[in-house]
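The values are calculated or read from the model by the stated rules, or taken from the named source; none is laboratory data. Just so it is clear, the structure is predicted and the values come from calculations on it, not from any experiment. So basically every Cβ, Gly included, is an ideal-geometry build from the backbone, and we count neighbours across all protein chains shown. Just the protein is used for accessible areas: all its heavy atoms, side chains included, with ligands, DNA and RNA removed. Shrake-Rupley method; radii C 1.70, N 1.55, O 1.52, S 1.80 Å.
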Amino acid sequence: MHTPLELELEAGDPGFPDFATVQGPWSQWGGPNPDVVTLRAAIDPEQSYKIWADVDGMFQATFCQRDGSMALGRSDLYHERYLDSFELDEDGFLELILSPIEAKGNWMPCHPRARVFMIQIFVSDWESHTAPTFHIERIGAEGEAPPPRTAADIAGGLGRAIEWIEESSTHWNRHAREIYEDTPPNTTSALASEPGDPSAIMTGYCAWDLGEDEALLITCEVPLAQYWSFSIQTMNWFEGGDFSHRQTSLSGDQIHLD
């Protein structure tokens, strides 16, 4: 599984962090949303970081800190912010400081338990919304190259990646099964915040059981939300399907309203 190896081994040094993309078309787990590009970077809460990107054309994004992964039983989320809460320059450029001591401009305080900085970029209209490249750099290490990794570094990263794979392979299968068993077939659950998600994000579920000659018709009022969507997930790793080649979701910008 490439994602844990990338996060824990290739980009797992908080002294020289980099953003790794989570839940792409070829690495799915945990109920991925095809409209969301999720980035994670390893951080040390005692250090300071600069994060920047040209966000001109970006629809919306969440910025937060986490202590780990939901599959590992560490889903706490700290200091969530949204794109429209930051000041941009006249060209649509965002610069953010993440540090334990307050800084000028766009600043987020480091939470003492945080080990991951996460960005979720929402792309509701695939034809016009952008998902820009974000950069992160530890303040004080500008222009430096990371030191060669030792055998202990590699062993530690591999150990954490293996733990992630082992726990995820059962956690998401169990989570999908619980949703299916707790919700009567062909009915929708109430919207609620999921553990580890920003408080403004709410999710509902509908487990279906249909014959080959049956279809499920879902109707609703247009939600009073900046972003909303419908997507399908599998019963095994809670995957989102082959959304790079097939229609597996519809966002509010893609749905035809009557």
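Mind counting the residues in the stretch 135-171 that are among the β-branched types (Val, Ile, Thr), farther than 18 Å from Glu6 by Cα and either open to solvent by less than 50 Å² (accessible area, probe 1.4 Å) or modelled with pLDDT of 85 or more (or both)?
We begin by selecting, within the stretch 135-171, every residue among the β-branched types (Val, Ile, Thr); these are 136, 139, 150, 154, 162, 165, 170.
Now restrict to residues that are farther than 18 Å from Glu6 by Cα: 139, 170.
Next, only the ones that are either open to solvent by less than 50 Å² (accessible area, probe 1.4 Å) or modelled with pLDDT of 85 or more (or both) stay: 139.
Result for the stretch 135-171: 1.
Out of all the residues in the stretch 178-199, is one or more part of a loop (DSSP other than H, G, I, E, B), under 19 Å from the mean Cα position of the chain (by Cα) and closer than 15 Å to Gln233 by Cα?
Among the residues of the stretch 178-199, not one is part of a loop (DSSP other than H, G, I, E, B), under 19 Å from the mean Cα position of the chain (by Cα) and closer than 15 Å to Gln233 by Cα, which makes the answer no.
Here is a list: Thr3, Thr62, Thr21. Which entry is at pLDDT below 90 and part of a strand (DSSP E or B)?
Exactly one of Thr3, Thr62, Thr21 is at pLDDT below 90 and part of a strand (DSSP E or B), namely Thr21.
Consider Leu94 carefully, then state whether it is open to solvent by 20 Å² or more (accessible area, probe 1.4 Å) and over 16 Å from the mean Cα position of the chain (by Cα).
Spelling it out, it is not the case that Leu94 is open to solvent by 20 Å² or more (accessible area, probe 1.4 Å) and over 16 Å from the mean Cα position of the chain (by Cα).
Which one of these is at pLDDT 85 or above, farther than 23 Å from Ile119 by Cα, open to solvent by 60 Å² or more (accessible area, probe 1.4 Å) and not basic (Lys, Arg): Leu191, Leu217?
After applying the criteria, what remains is Leu217.
Of all residues in the stretch 97-108, how many are out of contact with any Leu (no Cβ under 6 Å at 6 or more places or on another chain) and either closer than 16 Å to Phe16 by Cβ or buried (at least 17 other Cβ atoms within 10 Å of the Cβ) (or both)?
3
Can you run down the residue pairs with Cβ atoms below 7 Å, 6 or more apart or on separate chains, where the first is in the stretch 239-258 and open to solvent by less than 60 Å² (accessible area, probe 1.4 Å) and the partner is outside any loop (DSSP other than H, G, I, E, B) and polar (S, T, N, Q)?
From the stretch 239-258, the pairs are Gly240/Ser231; Phe243/Ser249; Thr248/Ser231; Ser249/Ser229; Ser249/Ser231; Ser251/Ser229; Gly252/Ser229.
For the stretch 169-208, what are the residues that are in contact with a Phe, Trp or Tyr (Cβ under 9 Å, 6 or more places away or on another chain) and of a type in the set (Asp, Glu)?
Passing the criteria: only Asp182.
Output yes when any residue across the stretch 136-154 is polar (S, T, N, Q) and touching a strand residue (DSSP E or B) at 6+ places or on another chain (Cβ under 7 Å), and no when none is.
No, there is no match, as no residue in the stretch 136-154 is polar (S, T, N, Q) and touching a strand residue (DSSP E or B) at 6+ places or on another chain (Cβ under 7 Å).
Please state which of the following conditions Pro132 fails to meet, knowing it meets all the rest: (1) more than 23 Å from Leu5 (Cβ to Cβ); (2) part of a helix (DSSP H, G or I).
The single condition Pro132 does not satisfy is (2).
Restrict the check to the stretch 196-205 and report whether at least one residue is open to solvent by 80 Å² or more (accessible area, probe 1.4 Å) and without any contact (Cβ under 8 Å) to a residue 60 or more places away in the chain.
Scanning the stretch 196-205 turns up at least one residue that is open to solvent by 80 Å² or more (accessible area, probe 1.4 Å) and without any contact (Cβ under 8 Å) to a residue 60 or more places away in the chain.
For the stretch 221-238, which residues satisfy the criterion of being without any contact (Cβ under 8 Å) to a residue 40 or more places away in the chain and either among the acidic types (Asp, Glu) or in a loop (DSSP other than H, G, I, E, B) (or both)?
Selection gives Glu221, Val222, Pro223, Leu224, Ala225, Trp228, Ile232.
Looking at the stretch 194-229, which of its residues are among the aromatic types (Phe, Trp, Tyr) and within 26 Å of Phe63 (Cα to Cα)?
The answer is Tyr205, Tyr227, Trp228.
Can you tell which of Ile119, Ile154, Ile101 is under 21 Å from the mean Cα position of the chain (by Cα) and either under 20 Å from Ala41 (Cβ atoms) or in a strand (DSSP E or B) (or both)?
Ile119
All but one of (1) surrounded by fewer than 16 Cβ atoms within 10 Å (Cβ to Cβ); (2) part of a strand (DSSP E or B); (3) modelled with pLDDT of 95 or more hold for His79; state the number of the condition that does not hold.
If we test His79 against (1) surrounded by fewer than 16 Cβ atoms within 10 Å (Cβ to Cβ); (2) part of a strand (DSSP E or B); (3) modelled with pLDDT of 95 or more, just (3) comes out false.
Mind listing just one residue for me: the one in the stretch 227-238 that is in contact with a strand residue (DSSP E or B) (Cβ under 9 Å, 6 or more places away or on another chain) and aromatic (Phe, Trp, Tyr) and, of those, surrounded by the fewest Cβ atoms within 10 Å (Cβ to Cβ)? So that I can check it myself, show each step before the final result.
First, pick out the residues of the stretch 227-238 that are in contact with a strand residue (DSSP E or B) (Cβ under 9 Å, 6 or more places away or on another chain): 227-232.
Those still in the list that are aromatic (Phe, Trp, Tyr) too: 227-228, 230.
Values: Tyr227: 18, Trp228: 17, Phe230: 15.
Out of the qualifying residues, it is Phe230.
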